[in-house]
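Asks: Below you'll find the structure I mean.
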Ligand code: AMP
C-alpha cells in the first residue's frame, strides 16, 4: 500500500508516519527530513535550500521530485508513506507518473485536519530527538527529566530552526495557497480520506487505521 499523509505543518504527519512504519513495515519518505539532511551535510543543494526553508517557503518542485525519484528506485515492497510530499499540483502529477513507471499507484490520501490555533501551539512547543526522530511537546509529552530520549536514550534534543511563529505563518500560507488544492485533486480521484488530527496520538492512529481499511 502506498499512502500520502496530507495536512498543514504540525498536523502530526511525521508522528503518524512513524507509527505506520513500525506497525506495517512501510517506508516513510519525508521530503522535509531529506532536505534537513542535505542542509546539515552542507552539500551544494543543502546550501541552496537552507534559506528557503528558514523563511518557511517551498523548495522548488525540481529539487524535491529529484529526491523522491532517487528513493523510489530503492526497495519499497512494504509500501511507502509520503510525508510532506507532494505539496504542489506539479509534485502530485510527477509522483503519479513516477509510480506508474514503477508499476505502482497511490492507494489512499489521508488528510489530517487540525485548526490553525492548535497548529501554532503544537509547533512552538515541538522538539525532536536528533538521533531517532521521536517527537516531543513541551506541554503534552515533555522531554524526560533525566535528559534521555524515551525511545533510544540519546540526549540530543533538537528544535527545528523553522518552528517559530514567523516561519510558521509563511509555512501555513504556503500550505493554503499551494498544497490545499491537492485535496480537490485527490478527492476527484476518489482517493481522499479525512481524519480529525486534533485528538490524542492513539485516537488519530485509530482513525487512520479505519480510513485505510
Ligand atoms: P516539513 O518537515 O515537511 O515541515 O518541511 C520543512 C520545510 O522543507 C518546508 O517548510 C519546505 O521549506 C521544505 N519542504 C519539505 N517538503 C517539501 C516539498 N514537498 N516541496 C517543497 N518544499 C518542501
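The values are calculated or read from the model by the stated rules, or taken from the named source; none is laboratory data. If you're wondering where the values come from, they're calculated on a predicted model, not measured in any experiment. With ideal geometry, Cβ positions are generated from the backbone for all residues, glycine too; neighbour counts draw on all protein chains shown.
Asks: How many residues are more than 17 Å from the chain's Cα centre (by Cα) and on the phi < 0 side of the Ramachandran plot when one looks only at segment 187-201? Before the answer, list the steps.
Replies: At the first step, the residues of segment 187-201 found to be more than 17 Å from the chain's Cα centre (by Cα) are 187-191, 199-200.
Next, only the ones that are on the phi < 0 side of the Ramachandran plot stay: 187-189, 191, 199-200.
The total comes to 6.
Asks: One residue is enough: does segment 84-93 have a residue meeting the conditions touching a strand residue (DSSP E or B) at 6+ places or on another chain (Cβ under 6 Å) and surrounded by 15 or more Cβ atoms within 10 Å (Cβ to Cβ)?
Replies: Keep residues of segment 84-93 that are touching a strand residue (DSSP E or B) at 6+ places or on another chain (Cβ under 6 Å), which gives 84.
From the residues that got through so far, the ones that are surrounded by 15 or more Cβ atoms within 10 Å (Cβ to Cβ) too are 84.
Checking segment 84-93: at least one residue is touching a strand residue (DSSP E or B) at 6+ places or on another chain (Cβ under 6 Å) and surrounded by 15 or more Cβ atoms within 10 Å (Cβ to Cβ).
Asks: Report, ordered by the first and then the second residue, all pairs with beta carbons closer than 6 Å, sequence separation of six or more or different chains, a first member in segment 146-168 that is touching a residue at least 60 places away in the same chain (Cβ under 8 Å), and a second member that is part of a loop (DSSP other than H, G, I, E, B).
Replies: 162/56; 167/56
Asks: Name the helices (runs of 4 or more DSSP H) wholly inside segment 1-116 in which the number of residues that are farther than 22 Å from residue 134 by Cβ, more than 15 Å from the ligand (Cβ to nearest atom) and modelled with pLDDT under 95 is 2 or more.
Replies: Numbers: elements: 13-24, 31-41, 44-55, 61-72, 89-101.
Result: 89-101.
Asks: Got a number for residues in segment 139-162 being closer than 21 Å to residue 32 by Cβ, assigned to a loop (DSSP other than H, G, I, E, B) and out of contact with any strand residue (DSSP E or B) (no Cβ under 6 Å at 6 or more places or on another chain)?
Replies: Final tally of qualifying residues: 6.
Asks: Determine if segment 188-207 includes at least one residue that is surrounded by 14 or more Cβ atoms within 10 Å (Cβ to Cβ), within 20 Å of residue 56 (Cα to Cα) and touching a strand residue (DSSP E or B) at 6+ places or on another chain (Cβ under 6 Å).
Replies: No, the conditions are met nowhere in segment 188-207.
Asks: Does any residue of segment 188-203 turn out to be at pLDDT below 95, within 21 Å of residue 121 (Cβ to Cβ), more than 16 Å from the ligand (Cβ to nearest atom) and in a strand (DSSP E or B)?
Replies: no
Asks: Would you confirm whether or not segment 167-183 contains a residue that is within 12 Å of the ligand (Cβ to nearest atom), crowded, with 18+ Cβ neighbours inside 10 Å, over 16 Å from the mean Cα position of the chain (by Cα) and assigned to a helix (DSSP H, G or I)?
Replies: Checked segment 167-183: at least one residue is within 12 Å of the ligand (Cβ to nearest atom), crowded, with 18+ Cβ neighbours inside 10 Å, over 16 Å from the mean Cα position of the chain (by Cα) and assigned to a helix (DSSP H, G or I).
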